[in-house]
Amino acid sequence: MDNYNSVNTEKIRKNLKTKDRLILSMDVPNKNEVLSILRELENSISTVKIGLELIYNEGTKIIDTVIDCGYKVLLDAKLMDIPNTIAGALKGISKLGVSMITMHTFGGSGMMTRAKEELLQISSKNGVMSPLLFGVTVLTSLDDSDLNAFGFKTDYASIVKNLARTAIESKIDGIICSPNEVSVLRESFGNDFLIATPGIRLPEDDAGDQKRYNTPEKAIDDGADFIIVGRSIIKSKNKIGTVSNYLERMERR
């Protein structure tokens with residue numbers, strides 16, 4: 001994943017190894033747990049997703065900890081605010097050395113466009129590669145009944161498609177959606193953007209709080225570039241064995 005180019009999706013895909021495509025969602029609250037898990041995994045994957053739980057418990061220094069262990073970081077910031085506020089936030093985030101950043105597509109085209117422009121400008125000024133910017137569509141913990149309660153009159157798949165269209169037209173690098181929407185997005189919008197999908201479960205796994213989920217094979221077959229897995233690995237008594245299982249399933253596709 002060292003050859004990221006913000007505008008060349010095919011180059012990114014060409015340089016991805018299987019271990020680059022499996023992202024661990026580090027949903028634990030403290031540094032000691034992070035270090036224990038990373039030591040056990042022995043760099044068998046490339047990227048770790050750090051989200052709100054870790055950031056608010058440990059602060060942004062946890063990003064340095066993960067990077068110092070030899071991993072890349074997907075900062076699951078889920079940014080959403082007015083464009084100027086997001087641009088200001090990205091000035092700070094750009095100092096953290098992360099490889100990917102998430103934001104909510106519900107923030108709109110103006111926010112996403114400004115965010116991408118800001119990242120490219122900062123990266124160009126500093127002579128570094130720009131982090132990839134991913135737009136979160138509809139959280140995998142939501143389904144049609146939840147969206148109907150919010151007042152939406154259409155199904156989640158249509159909402160995901162509309163949000164993805166806005167994100168793609170805003171020139172951000174990728175989309176985050178459940179594995180169940182990947183094929184629709186590929187059929188509708190092609191391959192000139194990346195897709196990362198949470199909501200990944202093995203057949204024997206408990207669904208937890210996910211309402212829209214599927215297997216790693218389904219996600220890869222349908223066109224996902226990255227799959228994001230948390231509890232299935234973190235709660236495993238044999239974490240590196242579980243990672244190997246995922247990687248083997250992905251390689252068979």
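The values are calculated or read from the model by the stated rules, or taken from the named source; none is laboratory data. Bear in mind the structure is a predicted one, so any value in this text is a computation, not a measurement. Cβ coordinates were reconstructed from backbone atoms using ideal geometry, including for glycine residues, and neighbour counts include every protein chain displayed.
Some observations on this one:
- Residues of the stretch 66-94 that are under 24 Å from Asn32 (Cα atoms) and surrounded by fewer than 17 Cβ atoms within 10 Å (Cβ to Cβ): Ile67, Asp68, Cys69, Gly70.
- Residue identified as surrounded by fewer than 18 Cβ atoms within 10 Å (Cβ to Cβ), among the aromatic types (Phe, Trp, Tyr), within 17 Å of Pro83 (Cβ to Cβ) and in contact (Cβ under 8 Å) with a residue 24 or more places away in the chain among Phe189, Phe106: Phe106
- Residue satisfying condition, being within 17 Å of the chain's Cα centre (by Cα) and either acidic (Asp, Glu) or buried (at least 24 other Cβ atoms within 10 Å of the Cβ) (or both), within set Ile168, Ile175: Ile175
- Taking every residue in the stretch 26-39 that is part of a helix (DSSP H, G or I) and pairing it with any residue that is of a type in the set (Ser, Thr, Tyr), at least 6 positions away or on another chain, the pairs with Cβ-Cβ distances below 8 Å are Lys31/Thr65; Val34/Thr65; Leu35/Thr65; Leu38/Tyr71.
- Residues in the stretch 84-105 that are out of contact with any Lys or Arg (no Cβ under 7 Å at 6 or more places or on another chain) and assigned to a helix (DSSP H, G or I): Asn84, Thr85, Gly88, Ala89, Leu90, Lys91, Gly92, Ile93, Thr105.
- Residue match in the stretch 64-78 (condition: of a type outside the set (Val, Ile, Thr), part of a helix (DSSP H, G or I), in contact with a Lys or Arg (Cβ under 8 Å, 6 or more places away or on another chain) and at pLDDT 95 or above): no
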